[in-house]
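The values are calculated or read from the model by the stated rules, or taken from the named source; none is laboratory data. All figures in this text were calculated on a predicted structure; none of them were measured in a lab. Methodologically, a virtual Cβ is constructed for each residue, glycine included, from the backbone with ideal geometry; neighbour enumeration extends over all protein chains shown.
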Amino acid sequence: MGRIDHTEAEQLAAGRHHDPFSVLGYHQGWVTALVPDAERLWAMGEEEVELSPVTHGVFCGKWPGGPYRLRAQNAHATWDFEDPYGFGPVLGEIDEYLIGEGTHRRLWQVLGAHVITHEGHRGVHFAVWAPSARRVSVVGGFNNWDGRRHQMRRRGATGVWEIFVPALQAGEAYKFEILGAADVLLPTKADPLGFGAEHPPQTSSVVRELGLHPWGDDAWMGRREAVQNIHAPVSVYEVHLGSWRRVWNEGGRPLSYFELASQLIDYVVDMGFTHIELLPITEHPFEGSWGYQPIGLYAPTIRHGRPEEFAALVDAAHRRGVGVILDWVPGHFPTDEHGLRRFDGTALYEHADPKEGFHRDWNTLIYNYGRREVSNYLLANALFWLEEYHLDGLRVDAVASMLYRDYSRPEGEWVPNRYGGRENLEAIEFLKAMNAQAYGGAPGIITVAEESTAFPGVSKPVHEGGLGFGYKWNMGWMNDSLRYFARDPIYRKHHHNELTFASSYAYSENFILPISHDEVVHGKGSMLNKMPGHEAEKFANLRAFYAFQWAHPGKKLLFMGQEFAQAREWAHQDALDWHLLDDPRHLGVQRLVRDLNRVYRTQPALHWGDCEPEGFAWIEADDAEHSVYVFERRAPGAAPVVIAANLTPVERMMRIGLPEGGEWVELLNTDSAFYGGANRGNLGLIEAEDLPWSRRAQSAEIYLPPLAVVMFAPKSGARRGK
């Protein structure tokens, strides 16, 4: 096209032209430009040509060819700039093909905002998927948030729009202004693939460069697979970064990623946890959602710093031998207008029918997993975190809500699948694809499902018909154990099976035993206050609970604050009550958890068989009358560990069977004065006798303190290392 006609000029000036790149820029000897606040405009190159005004802000003039810049002038200033419509496309045909097919595994490398050099000029390339839009513009302070200035180029049938804006740099705030299919201007949208965001309550995306952090974790990455497999000790400290600790002399602000890289990681190493699990740090508008209603799935929240600073936190953990797991939320997203909701004026990421696309429990929307572009968006996001930030695992939130179409819905308020059933077949296929892609693309990682139903094969490999997760949270164990320990000990004998039942299914999945944030919010109280009795009994019960958790088959997870018996319910707006460590009882619980991690790590019998039936055997499972439990943990070629629990406030002398003879040492006794107990026990040692008991050839008479758990190991094989 050559000289623009007045009608098209009016459409451009109004921001309603269907294909601005076909008109703006250089075409057939003419340069056309849209600069709304210019009164005069020149094209500058080997020649200088003043362009003539066609309508408000639109100028056109003949140009002999070759590179040019624009010079604009109004009553207040004169400025020179490169014409964004003088640049060709950035996306290639292969990228277009893969995006259209929904198979672009590294979607973040082509969509979003990227600082690049294009046709010899440094600037930012913006690309976004909005297939039903009539016009998409990138807006920001660089163009006075004026959607007419940087109207984007549509790339064929893929529904992707792109533009290269020269001279822009990292740190620019931006959004997309979208004219929907019905010619309705939508609320400005944050970038679905934005790598950064403004501080809430501001809602713009921010141009951020990836790959700025110089990684130094090669040693960790090389051995990661060995330290995260089912036979390794995995003990997870779950953390909400905003409330772990605060800087009170600076207005109570949360710690930065840099501060966390030293303070949090030092603490986790000292406590002996092998991993930290972060409540979602993906950008989220509402602080009170704790990150579980994310909008910026590709952006670590700015609340603690920039992306490279988050990378520094992960790197610091790895250099100290600590793995990092991210809570990942592909199950729902909030309805905030600047987010994914009706992104291009249609139900693009979500279902159109609220019976399929709306979560009643959380007032959030549900991704349309059956749409290939949406599935691609989420699959690429999983790989993004594993590759770009070296994360060691993803814990997938609310899996049960994804698996079932009738989740938390009454009859008539859900849509059956194509076979008439309740399973969400598209979500199931998505989860399988996510796990296959994650394990295939990032060796040594783990994925974890928060799944509260009996859906089969959650942690079974995809090629064997399972969902493909590495681990599943054992919600049954958690519910039964908490219910049991909350009972007055006088009634526990009537509910003895609440602690034995889990052993009947402990190996049906690869389980993690979780005491998560969900158990200490919304009126549930703290772990300490779940326990019955007077203060001393509460602490004794809690110490016994933790020892039972660490001794039971399954990997371990504990939410922050519970390791020192936080007395009040967790509140996201406050720091943990670290002052409680001035109280010997709270300090004792912290010491116990530290030692539980040490014993769990150094005794192969306590971790090798977490997911293997060969690693566990009951010695005494039926003594309901005394609420006593005795069992054995074992591993090939390693010393066994025998655990005895007395869950009444009555001290007991009793005989227990032992798997071998000789002297046995007390590895750990929750009644130790070091942990805040009364220091009752076996003076550190028991002697096995050749007296058969409980189907064992040897046995020993032991003392069991009230409300306590004691662990024993053969003296010759006990490991007391760090």
Determine whether Ala133 is of a type in the set (Gly, Ala, Ser), touching a residue at least 12 places away in the same chain (Cβ under 8 Å) and not in a strand (DSSP E or B). yes
Long-range neighbours under 7 Å by Cβ, at least six apart or interchain, first residue assigned to a strand (DSSP E or B) within the stretch 35-46, second among the hydroxyl-bearing types (Ser, Thr, Tyr): Ala43/Tyr68; Met44/Tyr68
Any idea which of (1) outside any loop (DSSP other than H, G, I, E, B); (2) modelled with pLDDT under 95; (3) aliphatic (A, V, I, L, M) is the one Met711 doesn't satisfy? (2)
Residue check: is Gly57 touching a residue at least 24 places away in the same chain (Cβ under 8 Å), small (Gly, Ala, Ser) and out of contact with any Gly (no Cβ under 8 Å at 6 or more places or on another chain)? yes
Looking only at the stretch 99-119, how many residues end up being crowded, with 18+ Cβ neighbours inside 10 Å and not in a loop (DSSP other than H, G, I, E, B)? 7
Could you say which residue among Glu614, Glu625 is farther than 23 Å from Phe485 by Cα, assigned to a helix (DSSP H, G or I) and modelled with pLDDT of 95 or more? Glu614
Being polar (S, T, N, Q) and touching a Pro at 6+ places or on another chain (Cβ under 7 Å) is the filter here; which residues of the stretch 182-234 pass it? Thr203
Filter result for Glu356 (modelled with pLDDT under 95, in a helix (DSSP H, G or I) and out of contact with any Leu (no Cβ under 7 Å at 6 or more places or on another chain)): yes
Mind checking which residues of the stretch 316-340 are in a helix (DSSP H, G or I) and either surrounded by fewer than 20 Cβ atoms within 10 Å (Cβ to Cβ) or in contact with a Pro (Cβ under 6 Å, 6 or more places away or on another chain) (or both)? Arg319
Can you tell me which residue is nearest to Phe545 (Cα to Cα) among those in the stretch 661-710 that are of a type in the set (Asp, Glu) and out of contact with any Gly (no Cβ under 9 Å at 6 or more places or on another chain)? Glu701
Are any residues in the stretch 359-392 more than 23 Å from Val448 (Cβ to Cβ), at pLDDT 95 or above and touching a Pro at 6+ places or on another chain (Cβ under 9 Å), and if so, which ones? Leu365, Glu373
Answer with yes or no whether Pro233 is part of a loop (DSSP other than H, G, I, E, B), surrounded by 16 or more Cβ atoms within 10 Å (Cβ to Cβ) and either without any contact (Cβ under 8 Å) to a residue 40 or more places away in the chain or in contact with a helix residue (DSSP H, G or I) (Cβ under 9 Å, 6 or more places away or on another chain) (or both). yes
Could you please find all residues in the stretch 236-273 being part of a helix (DSSP H, G or I), over 30 Å from His552 (Cβ atoms) and of a type in the set (D, E, K, R)? Glu250, Glu259
Of the criteria (1) buried (at least 16 other Cβ atoms within 10 Å of the Cβ); (2) touching a helix residue (DSSP H, G or I) at 6+ places or on another chain (Cβ under 7 Å), which one Phe501 fails: (1)
Of the residues in the stretch 506-559, those that are within 28 Å of Asn229 (Cα to Cα), among the aliphatic types (A, V, I, L, M) and not in a loop (DSSP other than H, G, I, E, B) number 8
Can we say Phe469 is out of contact with any His (no Cβ under 8 Å at 6 or more places or on another chain), part of a helix (DSSP H, G or I) and of a type outside the set (Asp, Glu)? no
Looking at Arg601 and the list (1) touching a strand residue (DSSP E or B) at 6+ places or on another chain (Cβ under 6 Å); (2) of a type outside the set (Asp, Glu); (3) assigned to a helix (DSSP H, G or I), which single condition is not satisfied? (1)
Enumerate the pairs (first residue in the stretch 401-414 and closer than 14 Å to Thr364 by Cβ; second residue anywhere and part of a helix (DSSP H, G or I) and among the hydrophobic types (A, V, I, L, M, F, W, C)) with beta-carbon separation below 6 Å, excluding pairs fewer than 6 apart on the same chain, so at least 6 apart or on different chains. Met402/Ala427
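So that you can scan it fast, the table gives a plain yes or no per residue for (1) in contact with a His (Cβ under 6 Å, 6 or more places away or on another chain); (2) without any contact (Cβ under 8 Å) to a residue 24 or more places away in the chain; (3) part of a helix (DSSP H, G or I); (4) farther than 21 Å from Lys355 by Cα:
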{"residue": "Ser375", "(1), (2), (3), (4)": "no, no, yes, no"}
{"residue": "Trp385", "(1), (2), (3), (4)": "no, no, yes, yes"}
{"residue": "Arg418", "(1), (2), (3), (4)": "no, yes, no, no"}
{"residue": "Glu429", "(1), (2), (3), (4)": "no, no, yes, no"}
{"residue": "Gln437", "(1), (2), (3), (4)": "no, no, yes, yes"}
Look through the stretch 636-669, keep the residues that are in contact (Cβ under 8 Å) with a residue 60 or more places away in the chain and part of a loop (DSSP other than H, G, I, E, B), and return whichever of them is surrounded by the most Cβ atoms within 10 Å (Cβ to Cβ). Leu647
Among (1) under 20 Å from Ser205 (Cα atoms); (2) at pLDDT below 95; (3) not hydrophobic (A, V, I, L, M, F, W, C) - the single one Pro294 does not satisfy: (2)
Return the residues of the stretch 138-162 that are over 34 Å from the mean Cα position of the chain (by Cα) and of a type in the set (Asp, Glu); say none if nothing qualifies. Asp146
